[in-house]
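Taking it in order: structure first as structure tokens, then the write-up.
The values are calculated or read from the model by the stated rules, or taken from the named source; none is laboratory data. The structure presented is a predicted model; accordingly, all values stated were derived computationally and were not measured. Because the Cβ atoms are built from the backbone with ideal geometry, glycine has one as well, and the counts that use them run over all protein chains shown. Areas reflect the complete protein model, heavy atoms only, side chains present, ligands, DNA and RNA absent. Shrake-Rupley method; radii C 1.70, N 1.55, O 1.52, S 1.80 Å.
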Amino acid sequence: MSETLAFTRTPSVAETPTHYCPGCQHGVAHRMVAEYLDAENLAEKTIMVTSIGCSVFLYNYLRFDSVEAPHGRAPATATGVKRVSPDKVVFTYQGDGDLASIGMAEIMHAANRGERITVVFVNNTVYGMTGGQMAPTTLVGQKTTTSPAGRCASTEGAPFRMAEIVAGLGGVAFSARVALNNVKHLAQARKAIRRAFEVQLAGQGMGFVELLATCPTNWKMTPVQANEHIEAAIIPTFPLGVFKDIAKNAGAC
Amino acid sequence: MSRIVLDEERCKGCLLCTVVCPKNILRQSSRMNAQGYKVAECAPELAEECTGCTACAQMCPDLAIVVWRTVKAKEASR
Ligand SMILES: Cc1ncc(C[n+]2csc(CCOP(=O)(O)OP(=O)(O)O)c2C)c(N)n1
Ligand code: SF4
Ligand code: SF4
Ligand code: SF4
Ligand SMILES: [Mg+2]
């Protein structure tokens, strides 16, 4: 009999404990990105563009070179980084308030231009960091501090389905939505993260991956309840799937 | 026998690991760590049922679990 290490911390995740609340899946989301980049030996070539939200201290947790972008502007900052350093692997890591609210213009234009970057989009349906206000991705009926009676579609609109919207733009090579609530979905997430980087590496366009994640604190649930809520309520509004994946050998100018 | 090593100081007691273990051998302990979280544990009397599947470690948002898998001699020599 011999013993092998079946799971341990990948080197690009720092040992530093995170400030996230118990059960917050930001920790799973950024760990999976690091696992992919380490497995492909890309850590040294990577520059991450972090954003504003609960993941604001990501530069302390992932050992990649990084730039902190102003709120919502990560795709614009990443555009500059990638264009001056086209040999680098560049990704943004953004929450739903960051990407789909204040940063809606930046993501739309970067996606439409087909910037050769990867966008890691963590959708927890609220502004987590600032105390749980309604986000563009808040579910219809969901109670938040700014929608105490629940989001109303006829006055606030329905949630933006970003993975589908982004998939509809010409510059996007890959777009998918995945969840982190069970082992089967984690396997799908791993594949989607891989493809979202592969299209960048092949110079085919933007790779976009939306990860549905919990915010137990602002959902006012235990971590286990919040995890169950993903399956029961979040996925029915935000279906999982690959919405665009251009062929591996498709050309780009 | 495969096994897990749970770093009680990293654990935030979220219990997500306990709901994904196919062998149902993880549970909340009665111990509190320095952060004030009641930590998870592998039930000692059931520990030998661990298959080393890594489900618990994959779900853990805080990288508190390391998994060791035991390979039987026959498999290892292949
Ligand atoms: C220009 C600017 N406007 C507003 C804020 C306040 N603010 C900080 S984080 C945040 C929203 C974060 O939500 P999200 O991107 O969903 O991240 P989460 O915390 O949920 O992961 C806001 C509005 C800010 N920091 N800067
Ligand atoms: S407020 Fe929500 S998103 Fe922020 S760390 Fe806590 S659980 Fe995570
Ligand atoms: S490795 Fe698998 S069987 Fe062992 S404790 Fe973790 S989830 Fe359970
Ligand atoms: S998933 Fe991790 S942090 Fe949560 S209870 Fe289990 S070991 Fe602790
Ligand atoms: Mg959010």
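So here's what we get for this one:
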quantity: Filter pass, A:THR137 being closer than 21 Å to A:ASN227 by Cα, away from ligand 4 (no atom under 16 Å from the Cβ), of a type in the set (Ser, Thr, Tyr) and away from every other protein chain (no Cβ under 14 Å); calculated: yes
quantity: Any pair with Cβ under 8 angstrom, 6 or more apart, that starts in segment A:114-133 at a residue that is within 14 Å of chain B (Cβ to nearest Cβ) and ends at one that is within 9 Å of ligand 1 (Cβ to nearest atom) and assigned to a strand (DSSP E or B); calculated: A:VAL122/A:GLN94; A:VAL122/A:GLY95; A:ASN124/A:GLY95; A:GLY128/A:GLY95
quantity: Selected residue (only one of A:THR146, A:THR214 is of a type in the set (Val, Ile, Thr) and within 14 Å of chain B (Cβ to nearest Cβ)); calculated: A:THR214
quantity: Any hit, segment A:213-236, residues being in contact (Cβ under 8 Å) with a residue 12 or more places away in the chain and assigned to a strand (DSSP E or B); calculated: no
quantity: Matching helices (runs of 4 or more DSSP H) fully within chain B where at least 3 residues are open to solvent by 70 Å² or more (accessible area, probe 1.4 Å); calculated: B:73-77
quantity: Residue that is of a type in the set (Ser, Thr, Tyr) and more than 13 Å from chain B (Cβ to nearest Cβ), where the choices are A:SER85, A:SER12, A:SER2; calculated: A:SER85
quantity: Among the residues listed as A:PHE243, A:PHE160, A:PHE197, the single one being away from chain B (no Cβ under 14 Å) and assigned to a strand (DSSP E or B); calculated: A:PHE243
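Table: residues versus (1) crowded, with 21+ Cβ neighbours inside 10 Å; (2) farther than 25 Å from A:ALA202 by Cβ.
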{"site": "A:VAL28", "(1), (2)": "yes, yes"}
{"site": "A:ALA39", "(1), (2)": "no, no"}
{"site": "A:ALA43", "(1), (2)": "no, no"}
{"site": "A:ILE52", "(1), (2)": "yes, yes"}
{"site": "A:ASN60", "(1), (2)": "no, yes"}
{"site": "A:HIS71", "(1), (2)": "no, yes"}
